[in-house]
1. Restrict the check to the range 107-120 and report whether at least one residue is more than 17 Å from Ala63 (Cα to Cα), under 22 Å from the mean Cα position of the chain (by Cα) and of a type outside the set (A, V, I, L, M, F, W, C).
2. Taking the criterion of being open to solvent by less than 60 Å² (accessible area, probe 1.4 Å), hydroxyl-bearing (Ser, Thr, Tyr), modelled with pLDDT under 85 and not in a strand (DSSP E or B), would at least one residue in the range 47-55 satisfy it?
3. Just checking, which of Ser126, Ser39 is over 29 Å from Lys166 (Cβ atoms), at pLDDT 90 or above and not in a loop (DSSP other than H, G, I, E, B)?
4. Tell me which residues, restricted to the range 187-200, are in a helix (DSSP H, G or I) and either under 15 Å from the mean Cα position of the chain (by Cα) or buried (at least 20 other Cβ atoms within 10 Å of the Cβ) (or both).
5. State whether the residues of the range 93-107 include one that is in contact with a Leu (Cβ under 7 Å, 6 or more places away or on another chain), more than 18 Å from Ala192 (Cβ to Cβ) and of a type outside the set (Lys, Arg).
6. Got a number for residues in the range 93-120 being open to solvent by 30 Å² or more (accessible area, probe 1.4 Å) and in a loop (DSSP other than H, G, I, E, B)?
7. Take Met129 and decide whether it is hydrophobic (A, V, I, L, M, F, W, C) and open to solvent by 90 Å² or more (accessible area, probe 1.4 Å).
8. Could you list all residues from the range 1-19 that are outside any helix (DSSP H, G or I) and either touching a residue at least 12 places away in the same chain (Cβ under 8 Å) or open to solvent by 80 Å² or more (accessible area, probe 1.4 Å) (or both)?
Amino acid sequence: LIIGGPGPTKYDFVEGEYLNYMLKEKIIGTVDTSYVGESGVEEVVAKSPEILRGVRYSDEKRAVQRFLYEVGHDTGLGVYGETEVRKYLGLGIVDTILLSEKVNVVHVETKCTTCSYRDDKLMAPSELMKYEQSLTDARCPKCSNNTLTIEKREDLLDELIDLAEKAGAKIEIVSVETEEGVMLRESFGGIAAVLRYKPA
């Protein structure tokens, strides 16, 4: 909740017994306005982004710190890397997935139209066109035919978000505006998760 209004009345409102204690706990800031009514509400909205950004960064830091705790204490609940996180999403035991907003990777699935050969690759979007052109002359490692084609290409973040939603996991998209966000990107490849329980 963000409380706004002209003059000191808003502070009296926040300090008084006007709100249920559960709502009081959700107040994240107060904003001075020049107007009341609809114009006052518009002014509160216009002045709120900085307050909301601070809350967002706080949530991101808390999520990454929880992951770092699990990894640091070797509890078995902190995992990272695309392969590991994908595996545990498939098992349905991911509580929270942490994805850096700076992960810029495409997941490309290639198949041979003659035999059953399939291949998966992760690459930067800038490499995709060159890879696609290389398939023109490439031969299938299994049947040696010149019939390799891209079956699917998808942004890795979108794919992992979709898998997380299907698995009922909480999703945290982490910016690089905090120290924790930079650490997630640089030390853990920008893809990590906290599990609900330790796998057997």
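The values are calculated or read from the model by the stated rules, or taken from the named source; none is laboratory data. Predicted, not measured: the structure shown is a model, and the values here were computed from it. Cβ sites come from the backbone with ideal geometry, for glycine too, and all protein chains shown count toward neighbours. Accessible surface areas use protein heavy atoms only, side chains included; no ligands, DNA or RNA. Shrake-Rupley method; radii C 1.70, N 1.55, O 1.52, S 1.80 Å.
1. yes
2. Taking every residue of the range 47-55 in turn, at least one turns out to be open to solvent by less than 60 Å² (accessible area, probe 1.4 Å), hydroxyl-bearing (Ser, Thr, Tyr), modelled with pLDDT under 85 and not in a strand (DSSP E or B).
3. Ser126
4. Residue satisfying the conditions is Phe188 alone.
5. yes
6. Qualifying residue count, the range 93-120: 9.
7. Values: hydrophobic (A, V, I, L, M, F, W, C): yes; open to solvent by 90 Å² or more (accessible area, probe 1.4 Å): yes.
When the stated conditions are applied, Met129 passes them.
8. Of the range 1-19, the ones outside any helix (DSSP H, G or I) are 1-8, 16-19.
Across the range 1-19, the qualifying residues are Leu1, Ile2, Ile3, Gly4, Gly5, Pro6, Pro8, Glu17, Tyr18.
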